[in-house]
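Before any comments, here is the structure.
The values are calculated or read from the model by the stated rules, or taken from the named source; none is laboratory data. In this text the structure is predicted, and so the values were computed from the model without any measurement. Because the Cβ atoms are built from the backbone with ideal geometry, glycine has one as well, and the counts that use them run over all protein chains shown. To get the accessible areas, we keep the full protein, side chains included, count just its heavy atoms, and leave off ligands, DNA and RNA. Shrake-Rupley method; radii C 1.70, N 1.55, O 1.52, S 1.80 Å.
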Amino acid sequence: MIGKVKKIYLTSILEEELREMLKGFFKSEPYRARQVFDWIYKKDSEDFSSMVNLPHILRKGLSEKFLISSLSIDNKKFSKDGTRKYLFRLEDGEFIEAVSIPAKDRLTVCLSTQVGCRFGCRFCASTKGGFIRNLRTEELIEQTLKIKKDTSDKRITNIVFMGIGEPLDNYENTIKAIRILNSYAALNIGARKFTVSTCGIIPGIERLSKENLQVELAVSLHSSEDKVRSELMPENKKFPLSILIDVCRRFISETGRQVTFEYIMIEGMNDRRVDIANLVRLLKGLNCKVNLIPLNPIPEFKFNPTPLKKIYDFCAALNKQGVKTTLRHSKGRDIDASCGQLRQASKSIK
Ligand code: SAH
């Protein structure tokens, strides 16, 4: 008996790949691929029967070879600041979360890249349930499309891979999703509007620097001392700060792009005067920016965020000493939608 042929998710391929497939399967003209992309990416279509400018026979053929949607919105939460948190149910019954964050002239979507996370950063909720699996390209794209449909009054301007998981530990799918979303036939979001955030996966940063993709790299730093950083982020034991900063330096020189260092402010842990001096020593002269983020509380990590006044002083001191630093005000805290508060479990949205 011949097994069932596996269908292909339309949201996992580029327009040129679809063009070739349609030619091979149905001898279709090249422009048909663009029409299909328009239905999916511009008109939010989720079924083939709605694609009325395609011949009936092609719609039927498409439904035999392809699939459109692999996840659904299971629940939604609204923050008073406009942030929305989405709980997605995946085909295999797993759950992940993503967030949309509106600002005056932009709409940022924060995507998850994995079900769970294997890196065990102590302050981060996403890692508490362990690692289950990587998200596939179509699951990355469809988080975006479902949010696009739900926030149709605003155009998505930025995509950050800062939800659950480690994007550089799911390298191929993350890069493919960026290439698709960036392409003209899909959402046409500029490469510079994507931010890949990493806890410091060295081989991933090296690979990214050779991609010829103008994406933003954000590195979660959180301490300028190996002892403290290893305590907070076990990955630091494998790749200590000297190696991390070295690879960032190479990324900057190879891509000509600035790196952002994210730095969570944790009271008494990494907000001391000596931390300012250490940060200056570590980062001065590097084409980079530090982004200070007050710790978002999670029950499993019994520390407090640094008081805001002290964060302002920390920020000013770094700027004064030549390290460009800004303060990021987290959005969506009231619905646990801020950095480090996302979880894969369905119980996280009540
Ligand atoms: N794994 C990637 C991306 C996911 S985390 C990474 O580590 O960068 C996205 C950002 O949220 C990171 O900078 C992470 O350090 C930060 N974050 C995690 N937990 C947080 C918390 N409790 N409060 C504030 N930021 C947190």
| note | With criteria (1) closer than 30 Å to residue 126 by Cα; (2) free of Cβ contacts under 8 Å to residues at least 24 places away in the same chain, residue 43 comes up short on (1)
| field | Residues satisfying the stated conditions in the stretch 188-240, i.e. more than 11 Å from the ligand (Cβ to nearest atom), touching a Cys at 6+ places or on another chain (Cβ under 9 Å) and open to solvent by 10 Å² or more (accessible area, probe 1.4 Å) | value | 234
| said: So residue 303 passes all but one of these: (1) more than 14 Å from residue 219 (Cβ to Cβ); (2) hydrophobic (A, V, I, L, M, F, W, C); (3) not in a loop (DSSP other than H, G, I, E, B). Which condition number does it fail? | reply: (3)
| query | How many residues does the stretch 218-244 contain that are assigned to a helix (DSSP H, G or I), touching a residue at least 40 places away in the same chain (Cβ under 8 Å) and farther than 14 Å from residue 201 by Cβ? | reply | 4
| note | Here the residues within the stretch 277-317 that are among the aromatic types (Phe, Trp, Tyr) and either more than 16 Å from the ligand (Cβ to nearest atom) or open to solvent by 20 Å² or more (accessible area, probe 1.4 Å) (or both) are 303, 312
| task | State which residue pairs qualify: first residue open to solvent by 50 Å² or more (accessible area, probe 1.4 Å) and away from the ligand (no atom under 11 Å from the Cβ) and inside the stretch 111-136, second residue modelled with pLDDT of 95 or more and assigned to a loop (DSSP other than H, G, I, E, B) in any location, beta carbons under 7 Å apart, and separation of 6 or more residues or different chains. | result | 131/117; 131/118; 132/94; 134/170
| query | Checking residue 54 against (1) open to solvent by less than 10 Å² (accessible area, probe 1.4 Å); (2) outside any helix (DSSP H, G or I); (3) within 25 Å of residue 162 (Cα to Cα); (4) in contact with a Leu (Cβ under 9 Å, 6 or more places away or on another chain), which test does it fail? | reply | (3)
